[in-house]
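The values are calculated or read from the model by the stated rules, or taken from the named source; none is laboratory data. Everything quoted here is computed from the prediction, not taken from an experiment. With ideal geometry, Cβ positions are generated from the backbone for all residues, glycine too; neighbour counts draw on all protein chains shown.
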Amino acid sequence: MTSSSSIPPSRSESGYVTGRIPPLGIPVEVQLKKQLLQAAHAVMEAANTSLEPSPMLDLRAVIEHSIPLDAAAWTQALIASDLVEDAGEVLRSARHVLAERSDLRVLESGLKPLVEKARKRRAALWHLDTRRQLIRFSYVKENGALPFDDGDLHALFLHAFRLEGIGLALDMGKRPRPLFSVGLPLPAQVGGRAECMDAVLKREPMEAAPLLLARLNRRLPLGLHVHTWTALPAYATPLADLALRAWWRWELPVGLQDRVAAGLNGFLAADTWRWDRGGAKGEASLDLRTIVQEPRLEDAVLTFSTRLGDFHALNPLKVLGALFGLEETEVRGLVRTDVDVKIDPRLGQAERFEPKLKNMFEDAVLLGGGSNITLVDEDDDEPLRLG
């Protein structure tokens with residue numbers, strides 16, 4: 001039996017150690033998975049000094065180590081750094097600690113009206129904010145990173161961006177989250193050579209892309225490596241909506257070649273191959289003959305492609321299991337080598353998506369509004385004047 005002292009401290013959604021023992025009843029595999037992610041976070045934090053803005057580091061020091069904080073000075077620094085909503089979300093994520101800490105409850109209570117004010121201001125100016133920048137970066141997932149699934153990868157890359165001080169824009173939800181999407185799903189134990197994620201930055205970085213890539217790669221755990229960084233217009237279509245087909249390579253484990261060869265012959269000879277996915281949701285069956293394409297077995301390596309679009313979320317381990325009568329744990333060595341995507345139609349229609357302050361100015365002139373436009377933001381001491 002594992003003693004409670006052998007269980008590492010629990011880490012909250014915001015990344016800090018709470019010191020709480022995981023509740024009883026949580027499956028062992030879930031606890032192990034969480035511990036693996038915590039260990040990766042710890043390695044990332046030890047790789048280099050955190051470059052997160054000072055007000056956020058001060059807040060985490062209060063939560064993690066109960067270091068006293070000059071609330072008034074800290075609040076002013078938070079406002080000046082445009083981090084009020086970010087701090088509010090960290091405090092919200094610390095809800096278990098809030099229940100035990102009166103100092104944090106006071107801090108959260110004082111911050112709430114500022115968070116609401118900042119959110120309303122951001123919503124009012126959202127379409128006029130030209131500082132945001134959408135980044136689509138590609139990366140490799142292999143070796144030590146294979147145990148991580150989509151949710152883990154999302155958390156790891158968010159952590160890397162935070163530790164490197166690369167500010168992410170927030171969405172407009174009731175509880176704002178960083179605008180950061182994982183692209184196409186890739187389950188644990190499946191590698192990827194051309195995976196992509198989208199991140200919306202608060203503003204264009206001062207550093208060149210090669211330097212940012214180098215910083216992220218020094219921070220990320222082994223098995224994850226970012227190799228391209230592409231700036232796109234904020235209105236670019238999400239990758240999942242552009243993906244047409246994924247390409248796969250499976251190096252067959254010892255002892256499976258004959259079984260896979262026989263199964264592949266049967267699959268190719270069939271007109272249809274119904275897959276009853278079952279599950280609690282009663283998902284409809286699929287014809288894998290229309291989804292799995294161009295399968296080819298050579299020298300104990302199976303290559304094939306799969307249609308994406310409506311099927312982009314299919315678990316490839318389950319697909320192969322359905323084809324060859326295998327358990328998911330028997331499918332090891334599978335790698336997504338590439339993804340075919342169509343041209344993004346939005347990139348050729350900038351006039352439909354970009355906010356045009358120039359047009360606003362011209363409309364005001366035509367309507368007899370004079371040559372000056374005043375955009376009044378009730379949360380600013382000074383209005384923004386154009387013209």
Requested in this report: Return the only residue of 193, 218, 122, 131 being in a loop (DSSP other than H, G, I, E, B) and touching a residue at least 40 places away in the same chain (Cβ under 8 Å).
Outcome: 131
Query - Residue among 161, 137, 148 that alone is without any contact (Cβ under 8 Å) to a residue 60 or more places away in the chain, surrounded by 14 or more Cβ atoms within 10 Å (Cβ to Cβ), aromatic (Phe, Trp, Tyr) and outside the structural domain of residue 31 (by TED's automatic domain parsing) - result: 161
Requested in this report: Please work out if residue 258 is within 30 Å of residue 352 (Cα to Cα) and assigned to a helix (DSSP H, G or I).
Outcome: no
**Report entry** Failed item, numbered, when residue 244 is tested on (1) of a type outside the set (Val, Ile, Thr); (2) loosely packed, with under 15 Cβ neighbours inside 10 Å; (3) within 15 Å of residue 315 (Cα to Cα)
**Finding:** (3)
Report summary line: Residue count, the stretch 37-78, condition hydroxyl-bearing (Ser, Thr, Tyr) and either touching a Phe, Trp or Tyr at 6+ places or on another chain (Cβ under 8 Å) or more than 22 Å from residue 221 (Cα to Cα) (or both), comes to 3
Query raised in the report: How about the stretch 301-377: which strands (runs of 3 or more DSSP E) wholly inside it have at least 2 residues that are surrounded by fewer than 17 Cβ atoms within 10 Å (Cβ to Cβ) and modelled with pLDDT under 75?
Result: 373-375
Query raised in the report: Among the residues of the stretch 217-238, which ones are closer than 14 Å to residue 141 by Cβ and out of contact with any Lys or Arg (no Cβ under 8 Å at 6 or more places or on another chain)?
Result: 217, 220, 221, 222, 225, 226, 227
Requested in this report: Have a look at 218, 203 and point out the one that is out of contact with any Leu (no Cβ under 9 Å at 6 or more places or on another chain), at pLDDT 95 or above and not aliphatic (A, V, I, L, M).
Outcome: 218
